[in-house]
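The values are calculated or read from the model by the stated rules, or taken from the named source; none is laboratory data. No experiment lies behind these values; they were computed from the predicted model shown. Because the Cβ atoms are built from the backbone with ideal geometry, glycine has one as well, and the counts that use them run over all protein chains shown.
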Amino acid sequence: MNFEKVITQTLTSNNFLVYVFTEEENRLESILKTKVNQLFHQKIFVWDFIDGYNENPNDLFNCKQNPLEALNDIAKYKNNNIKAFLLKDFHNFLNDISINRKLKNLVKNLENNKQYLILCGTTNNIPIELYEYVKYLHMPLPNKKEILKEIENFTYSTEINTLEYKEILVNSYLGFSIEKIRKSISQLVIQNVSTKKIIKNILKQKQEIIKSTQGLEFYLNDNLSLEIGGLSNLKQWLNIRKLTFTRKAYSYGVKMPKGILLVGIQGTGKSLSAQIISRQWNLPLFRLDISKIFASVLGESENRIQNIINTCMQSSPCILWIDEIDKIFNEYTNTNDSGTKQRVTNIFLTWLSEKDKEVFIFATANTIHKLPIELLRKGRFDEIFFVDLPNFKERLQIFYIHLKKVRPTTWNQYNIYYLSHLSKGFSGAEIEQSIIDSMYIAFHEAREFTTQDITKTIKRMIPLSVIEKDKILTLRKWGYSGKVNIA
């Protein structure tokens with residue numbers, strides 16, 4: 001249900017005292033003016049603590065900087081022609097004992113006079129004493145329909161007017177306020193840039209917005225050189241679901257995927273996969289940084305994880321990348337912190353299970369044994385994949401990818417078949433490092449690096465499969481137990 005319908009339902013259901021959590025007060029005011037006029041054929045009186053009431057006939061209300069007087073005037077004025085009041089920035093006054101008391105006293109007057117008082121603010125913390133008196137609403141950022149309307153208000157080239165590009169633009173602007181969308185579109189139209197540059201600029205603007213959300217990082221998916229070797233089953237699974245975030249898939253009735261968990265050895269391309277999927281699916285990629293969530297102030301950690309969840313939902317469809325999720329749960333649970341970490345974990349797990357927005361969870365882990373059972377049950381993730389060390393064929397592909405990056409015209413001069421045999425037990429990251437180390441040596445000696453240089457480097461390196469032999473054997477035994485799919 002969109003917010004306009006929510007407001008209509010609220011104002012026709014005897015909810016006379018309403019608090020709206022929003023940072024878009026101008027958009028809220030516009031919606032309320034329209035709805036109050038439609039429902040009651042009246043104007044809405046709007047107050048702020050600098051200018052007082054505006055659109056005020058005959059100066060009926062004179063108070064400006066005194067919120068208590070603003071409430072007193074509502075109680076005094078019982079004209080049936082005035083149906084609704086909007087008081088802005090009222091979150092600043094809710095904890096004042098006199099304001100708190102006055103609001104509770106005012107409810108009866110509002111009921112008797114069939115008048116509606118809407119308070120708005122930028123915090124979702126309502127004093128517990130007001131819970132029984134106030135109808136709480138959260139005004140979400142513009143939905144796809146509202147964004148499309150804003151886009152169509154501007155004249156674009158024929159290319160941008162196609163349905164495909166409109167859908168891409170709408171998805172790119174999710175998570176923006178109406179005001180930010182209007183400013184962005186205006187700038188882009190004036191600059192007369194190409195469609196690809198338009199989308200790139202939008203994503204850069206989104207990156208700036210996300211910076212204000214503690215614990216969330218935004219990754220631009222514009223690195224066209226990203227490639228990954230192997231993981232054929234994972235690639236096929238993702239390719240089949242590539243179009244499930246489109247309008248066409250919605251019309252078909254296909255359910256959106258919830259997410260996947262990749263469990264495997266370090267350096268096997270798990271994290272790189274998140275960035276590649278973001279580029280292929282053309283979806284924004286957010287990375288959860290758990291180290292920035294926990295704060296010393298009571299209740300702040302819970303607010304931060306909730307803000308992260310809200311940001312992801314408002315920006316959907318998107319991908320939320322949770323790297324090394326096993327370390328998150330291992331490090332931040334069972335500690336003496338008055339239950340803060342456990343509450344944050346519970347909020348996040350509940351959301352994973354109940355989320356109905358198009359937020360695809362891409363989680364990675366280096367081990368399965370430290371993860372809580374409730375995280376692994378069906379409903380949290382669509383699939384769990386085991387990522388093993390690359391086999392011979394996959395090592396061939398990895399050598400090809402990395403050598404072609406650094407020597408695009410002479411890569412075939414290297415004996416990748418021999419190197420692939422020699423590097424058995426190496427991860428993709430270790431193969432890449434063997435090439436890098438060889439280049440260092442050859443560059444120091446002022447010559448081109450060779451297959452022999454890489455061979456020497458490989459023979460000197462001790463891979464993780466040797467250093468952590470027992471742990472990796474245990475993990476591989478689980479991976480090939482038939483309980484999960486092989487990536």
Within segment 288-309, the residues that are buried (at least 19 other Cβ atoms within 10 Å of the Cβ) and not in a loop (DSSP other than H, G, I, E, B) are Leu288, Ile290, Ser301, Arg304, Ile305, Ile308, Ile309
The number of residues in segment 239-262 that are charged (D, E, K, R), surrounded by 13 or more Cβ atoms within 10 Å (Cβ to Cβ) and more than 14 Å from Pro317 (Cα to Cα) is 0
>> For segment 125-135, check the following and say yes or no: at least one residue is surrounded by 15 or more Cβ atoms within 10 Å (Cβ to Cβ), polar (S, T, N, Q) and touching a residue at least 12 places away in the same chain (Cβ under 8 Å).
In response: no
TODO: With respect to Phe40, determine if the residue is of a type in the set (Phe, Trp, Tyr), modelled with pLDDT under 85 and over 19 Å from Val20 (Cα atoms).
DONE: no
Picking from Ser438, Ser481, the residue that is closer than 28 Å to Ile260 by Cβ and either of a type in the set (Gly, Ala, Ser) or at pLDDT 95 or above (or both) would be Ser481
Within segment 44-87, residues touching a Gly at 6+ places or on another chain (Cβ under 7 Å) and either hydrophobic (A, V, I, L, M, F, W, C) or at pLDDT 70 or above (or both) come out as Phe61, Cys63
Counting only residues in segment 369-400 that are part of a loop (DSSP other than H, G, I, E, B) and at pLDDT 80 or above, the one farthest from Lys424 (Cα to Cα) is identified as Asp382
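Matching residues to (1) farther than 21 Å from Asp382 by Cα; (2) modelled with pLDDT of 85 or more:
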position: Leu216; (1), (2): yes, no
position: Lys235; (1), (2): no, yes
position: Gln280; (1), (2): no, no
position: Leu285; (1), (2): no, yes
| field | Hey, Ser434 touching a Lys or Arg at 6+ places or on another chain (Cβ under 6 Å) and either touching a residue at least 24 places away in the same chain (Cβ under 8 Å) or under 15 Å from Gln397 (Cβ atoms) (or both) or not | value | no
Sole miss for Asn112 among (1) touching a strand residue (DSSP E or B) at 6+ places or on another chain (Cβ under 9 Å); (2) at pLDDT below 90 is condition (1)
query: Does Ile160 qualify as being surrounded by 18 or more Cβ atoms within 10 Å (Cβ to Cβ) and either modelled with pLDDT of 85 or more or part of a loop (DSSP other than H, G, I, E, B) (or both)?
result: yes
Residues of segment 457-480 being in a helix (DSSP H, G or I) and of a type in the set (A, V, I, L, M), in sequence order, are Ile458, Leu464, Val466, Ile467, Ile472, Leu473, Leu475
Counting only residues in segment 23-34 that are closer than 23 Å to Leu106 by Cα and touching a helix residue (DSSP H, G or I) at 6+ places or on another chain (Cβ under 9 Å), the one surrounded by the most Cβ atoms within 10 Å (Cβ to Cβ) is identified as Leu32
Across segment 345-363, the tally of residues that are buried (at least 22 other Cβ atoms within 10 Å of the Cβ) and either modelled with pLDDT under 80 or small (Gly, Ala, Ser) (or both) stands at 1
Per the filter on segment 456-479, residues under 14 Å from Thr268 (Cα atoms) and among the charged types (D, E, K, R) are Arg476
Sole miss for Asp222 among (1) part of a loop (DSSP other than H, G, I, E, B); (2) modelled with pLDDT of 80 or more; (3) charged (D, E, K, R) is condition (2)
Residue pairs qualifying under the 6 Å Cβ cut-off, at least six apart or on distinct chains, with the first in segment 456-477 being free of Cβ contacts under 8 Å to residues at least 40 places away in the same chain and the second being part of a helix (DSSP H, G or I) and of a type in the set (Gly, Ala, Ser), are Thr457/Ser434; Thr457/Ser438; Ile458/Ser434
All-but-one check, Glu4 against (1) at pLDDT 90 or above; (2) at negative phi, failing number (1)
